[in-house]
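Structure record follows, encoded as structure tokens.
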Amino acid sequence: MLEVRNLTKVYDDGTVALRNVSFNVPDGEFLVVIGLSGSGKSTLLRCINRLIDPTEGQILWDGVDITKLEGQDLRNLRRKIGMVFQQFNLVKRSTVLTNVMAGRLGYSPTWRSITNQFDEADKKRAQTALQRMGITDQANKRADELSGGQQQRVGIARALMQEPKMILADEPVASLDPVLAHSILQHLENLNQEDGITIICSLHYLDLVQRYSTSVIGLREGQVVYQGNKKQILRMTDKEFKTIYGEEAERMGGISGEIGEEEDAIGEEAAK
Amino acid sequence: MKTKAQTTEEKPSLVPPVVAGLLSLILPGLGHMLARQFRKGLVLLLVFLSAVGLWIWRINDAARREVGFAAMFKKAIQLKPILLIILILIILLYIVIALDAYKTAGKGKPNSFLLWLLVLAAFFILGWQIGEIRPAVLIRDGKNSLPLLMRVLWPWEKAVHYPEELLIGSADVVIPCTENAEVPERVVEEGDPYVTVTPDCGDLSEISGAEGTKLRMVGSNFAPNDETEIWWVDQVRNEFRYRYGGEYVKVVTDENGSFELDVVIPYRVIPSTGGKGYAVWQVEARQVASVGEPVLSEELKLSVEKMIETIFLGMMSTFFGVILSIPISFIASRNLMSANWFTKTIYMIVRTILNIVRSIESLVWAVIAIIAVGLGPFAGILALTVHSIAALGKLYSESIESIDHGPVEAIQATGANWLQTVWYAVIPQIIPPFVSFTIYRWDINVRMSTVIGMVGGGGIGYLLIQWIRLLDYRSAGIAIWFIAITVAILDYVSSEIRERFI
């Protein structure tokens with residue numbers, strides 16, 4: 001159980017990215033964070049694994065306040081939380097395998113990892129992760145030789161190497177075409193359902209949100225303006241939509257009444 | 001920017017157009033300043049003042065002996081008519097600035113094309129005059145440098161050397177004919193060239209023109225079909241080449257290496273015969289014959305040796321430069337040093353030092369290093385190392401500053417510590433620029449070391465400048481060829497390596 005309490009983040013230049021944000025994420029949830037660009041989604045995700053230090057508030061994970069962790073404790077926390085990025089953030093000139101093995105760094109002694117020595121168990125884990133993501137035959141290619149969808153799978157494989165309890169996905173499909181977007185989100189859904197990994201994911205497209213999330217929070221200017229579970233998302237009203245995305249926003253597809261049909265359509269697409 | 005332009009359009013000029021124009025006649029640019037075009041006015045004022053100042057300087061320079069401006073002006077214009085053209089341009093510029101100010105203060109935006117064209121023309125002609133550019137001289141006298149240039153361009157005649165041997169056969173002549181003259185015994189070994197004369201004594205020619213005794217000279221065992229010179233050696237060993245009718249006498253040997261020739265004993269103010277009453281002269285046949293295979297010349301060998309020294313000089317200074325600049329580059333990167341005021345201060349100080357060191361040319365560093373460690377390659381290595389550290393430190397730190405932060409974030413998120421993050425996310429990103437900058441620097445260092453050599457920092461430059469000073473342009477040409485070949489090879493190799501790493 002992840003509990004975020006009154007989280008506030010003010011950057012050095014005075015920008016208020018998060019304002020008093022509170023919500024709970026039970027284990028095994030697929031939480032989607034929605035909101036416009038600049039609404040604080042990325043900051044929120046990065047506060048959870050402390051890539052960004054929050055200014056005020058608490059984040060409790062299984063009762064431990066994450067915001068107070070330092071040094072080795074912080075690194076031990078981070079290795080339990082995988083992270084997937086919009087730009088994949090692979091080391092482009094390294095091989096796929098090296099990128100995947102990097103997910104194990106939090107568990108490896110420093111001197112062994114900088115001489116590229118990993119033990120057999122880690123190598124086996126990497127094989128499994130690559131297999132699971134369907135990129136075994138790409139293992140020895142340079143990361144930048146891969147297509148966007150394949151790179152994101154490497155990103156997920158890297159996160160899997162951490163044997164995470166939670167995965168943070170910062171707009172993981174924003175740089176991908178719709179078909180690839182579904183395939184990547186299905187991989188995440190798979191991890192969520194089969195391995196019970198909690199997923200916190202920020203997304204832009206409402207149809208994807210409705211298809212994959214088990215609960216949703218909406219951020220606007222750093223504040224939580226919407227919270228809902230699976231059923232409520234499917235019935236999201238225009239008014240709720242506009243509180244999240246602003247008055248000028250216009251809803252494209254995914255109107256509450258036609259959700260059923262759309263879900264079928266997505267199902268068919270995925271089946272292809 | 002856009003809003004600024006709009007506000008200037010909206011605000012009217014502070015003075016009416018005519019006043020602006022007149023003010024610009026008093027002080028060029030003042031009209032623009034008061035017509036809310038302050039910057040343009042300032043630029044025009046500075047441009048005008050510097051043009052006038054430069055023109056006065058050139059007038060002074062051209063007629064420095066005259067007293068009084070009027071006399072100077074007259075003389076300078078007479079000597080350098082181009083100064084008059086510049087004056088006309090400056091006057092035109094003065095008028096056009098005033099007109100432009102008039103239009104600027106009025107409605108609408110003036111077309112200042114003519115104005116800037118005049119500015120450009122004035123400075124171009126000033127530059128022409130100051131630079132003493134004389135294309136006519138280049139065309140007229142340039143051809144004088146062609147023979148020299150050819151020697152530099154094709155110096156390879158000096159690349160090989162044919163070992164030569166002087167073949168000498170000589171015979172004694174007693175002057176005048178004396179019985180029982182003491183003639184030293186002569187031993188001619190089998191196969192050596194020898195000469196006989198008949199008769200073997202006689203009288204000298206006289207200054208009046210009366211010819212001396214004619215001798216039949218027969219030579220053998222010389223190199224076949226080769227030119228042979230005839231020399232006389234008098235009794236005090238003075239050597240002089242034999243002339244007949246004002247011309248040096250030469251004979252060409254036949255295919256057996258033999259020749260026959262009539263020689264007349266020449267006129268000579270005879271040194272004392274030492275009371276013996278006669279003198280023993282020798283008549284010699286001399287051949288310069290190349291023997292054996294051609295060998296590489298000393299100049300070529302020296303060039304190769306010094307070229308190797310130069311390459312290693314460049315290599316070692318690059319090596320030391322890289323080793324020392326890598327740690328420096330990390331503390332000179334803004335993104336790694338922005339943690340607090342202390343690290344920021346270090347960053348500022350290091351960057352400043354790097355900039356100062358870099359702005360001092362390696363040639364100057366070489367002179368300083370020579371004072372410290374004396375002439376030779378070590379001074380060159382020191383100079384180039386210092387300059388390399390500064391240049392590479394800057395280039396490296398800039399490439400560290402421009403890395404993609406994404407992978408760093410991603411590796412941090414896996415729970416990696418600082419060293420692991422640097423190793424996995426930073427190093428792979430900076431390898432390509434580091435490799436390419438390093439090779440680029442090696443390239444520069446090898447080229448620079450040729451120049452460093454000219455002030456005594458070792459390497460081929462030292463030879464080059466010496467040969468140029470000795471006017472030995474062929475040898476200098478060899479050195480230049482080696483430099484060119486090495487730089488070309490290095491260029492190719494470095495682009496290959498760079499391609500492989502990026």
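Numbers for the structure displayed
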| read-out | value |
| --- | --- |
| Matching entry among B:V367, B:V408 (being within 14 Å of chain A (Cβ to nearest Cβ) and of a type in the set (A, V, I, L, M)) | B:V408 |
| So A:M133, is it within 13 Å of another protein chain (Cβ to nearest Cβ) and not charged (D, E, K, R) | no |
| Scope the range A:235-248; condition touching a Ser or Thr at 6+ places or on another chain (Cβ under 7 Å) and either hydrophobic (A, V, I, L, M, F, W, C) or in a strand (DSSP E or B) (or both); matching residues | A:M236 |
| Options A:S175, A:S108; residue that is polar (S, T, N, Q), more than 23 Å from the chain's Cα centre (by Cα) and under 22 Å from B:E409 (Cβ atoms) | A:S108 |
| Matching residues in the range B:275-319 - criterion: being in contact with a strand residue (DSSP E or B) (Cβ under 7 Å, 6 or more places away or on another chain), assigned to a loop (DSSP other than H, G, I, E, B) and not hydroxyl-bearing (S, T, Y) | B:V291, B:P294 |
| Residue that is surrounded by the fewest Cβ atoms within 10 Å (Cβ to Cβ) [pool: residues in the range A:54-105 that are more than 11 Å from every other protein chain (Cβ to nearest Cβ) and of a type in the set (G, A, S)] | A:G63 |
| Test: B:V119 is closer than 30 Å to B:I59 by Cα and either modelled with pLDDT of 85 or more or not in a loop (DSSP other than H, G, I, E, B) (or both) | yes |
| Exclusive hit being within 11 Å of chain A (Cβ to nearest Cβ), in contact (Cβ under 8 Å) with a residue 24 or more places away in the chain and surrounded by 19 or more Cβ atoms within 10 Å (Cβ to Cβ), set B:I460, B:I430 | B:I430 |
| Residue tally, condition in contact (Cβ under 8 Å) with a residue 60 or more places away in the chain, farther than 22 Å from B:V455 by Cα and among the hydrophobic types (A, V, I, L, M, F, W, C), over the range B:280-330 | 14 |
| Qualifying residue in the range B:388-396 (condition: in a helix (DSSP H, G or I), touching a Lys or Arg at 6+ places or on another chain (Cβ under 9 Å), buried (at least 19 other Cβ atoms within 10 Å of the Cβ) and within 14 Å of chain A (Cβ to nearest Cβ)) | no |
| Of all residues making up the range B:418-427, the number that are at the interface with chain A (Cβ under 9 Å from one of its Cβ atoms), surrounded by fewer than 18 Cβ atoms within 10 Å (Cβ to Cβ) and either among the acidic types (D, E) or over 15 Å from B:P327 (Cα atoms) (or both) | 0 |
| Residue pairs meeting the criteria (Cβ under 6 Å; at least 6 apart or on separate chains; first more than 16 Å from A:R158 (Cβ to Cβ), in the range A:103-121; second of a type in the set (K, R) and exposed (fewer than 11 other Cβ atoms within 10 Å of the Cβ)) | none |
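The values are calculated or read from the model by the stated rules, or taken from the named source; none is laboratory data. Because the structure is a prediction, the values reported are computed rather than measured. Cβ atoms come from the backbone with ideal geometry, glycine included; neighbour counts cover every protein chain shown.
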